[in-house]
Amino acid sequence: MENCSKKHFVFVHGACHGAWCWYKVKPLLKAAGHRVTAVDMAASGIELKKIHDLQTMRDYSEPLIQFMRSVPDDEKVILVGHSLGGFNIAVAMEMFPHKIEVAVFLAAFMPDSRHTPSFIFEKDLELGISLIRPSSLFLHDLCKPETKLSDEKYGSVRRVYVVCEEDQAISQAFQQWMIENGGVKEVKELKGSDHMPMFCMPKQLSDCLLEIVT
């Protein structure tokens, strides 16, 4: 079992990005003595698949699923999902709840366990339409009953939501609605941050993550 003071952070990027987007945050956490892994989702970053080859959110999340399978059963990671990455970490939470110490939704879409994951877009159709890219939100998949998350698995993982105060992509009001809808009790705020805190304030983001796990 790993020394409990040494954490393993696993980062998941948002739409249109890749593992590279965490390049400012990774060295800060490593300097603090922690392990850091950033994963490219399918058809993202340097991952070779094409977006039109992916049919479901699980297809898109496959690199994260494979990584989580490789994590020993006696270890737990800290999952951090940004923006669309909230859906990817939700998939991992449902499949591997016993391997996750805490899931951090960083200005991220956060489904609940009462509705299908597409519910959050149905509550803000204009936002969903403005963000849509062909086959990138997998709305045709996320509305299916079988994609619904469970209280027993997804709901058993500690969740923390990090609000970005100046976010213009996912408004603070919508972030707050997801927090209330999901019943999240632990909320942090990055004051002055836009939608990409890993770029505009990596030190503050790193400090926030360390505060969550200590």
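The values are calculated or read from the model by the stated rules, or taken from the named source; none is laboratory data. Because the structure is a prediction, the values reported are computed rather than measured. Please note: Cβ atoms are built from the backbone with ideal geometry, for glycine as well, and neighbour counts cover all protein chains shown.
Candidates are the residues of segment 159-187 that are charged (D, E, K, R) and surrounded by 16 or more Cβ atoms within 10 Å (Cβ to Cβ); the one that is modelled with the highest pLDDT is Arg159.
When Pro63 is tested against (1) exposed (fewer than 14 other Cβ atoms within 10 Å of the Cβ); (2) part of a helix (DSSP H, G or I); (3) at pLDDT 95 or above, exactly one condition is not met: (1). Would you say Phe121 is assigned to a helix (DSSP H, G or I), over 14 Å from the mean Cα position of the chain (by Cα) and over 23 Å from Met198 (Cα atoms)? Answer is yes for this residue. Exactly one residue among His34, His17, His52 is more than 21 Å from His195 (Cα to Cα), surrounded by fewer than 23 Cβ atoms within 10 Å (Cβ to Cβ) and either at pLDDT below 95 or among the acidic types (Asp, Glu) (or both), and that residue is His52. Assess whether Val91 counts as being over 16 Å from Pro197 (Cβ atoms) and in a strand (DSSP E or B). For Val91, the condition - over 16 Å from Pro197 (Cβ atoms) and in a strand (DSSP E or B) - is not met.
If I ask for residues that are among the aromatic types (Phe, Trp, Tyr) and not in a loop (DSSP other than H, G, I, E, B), which ones from segment 19-48 would you list? Passing the criteria: Trp20, Trp22.
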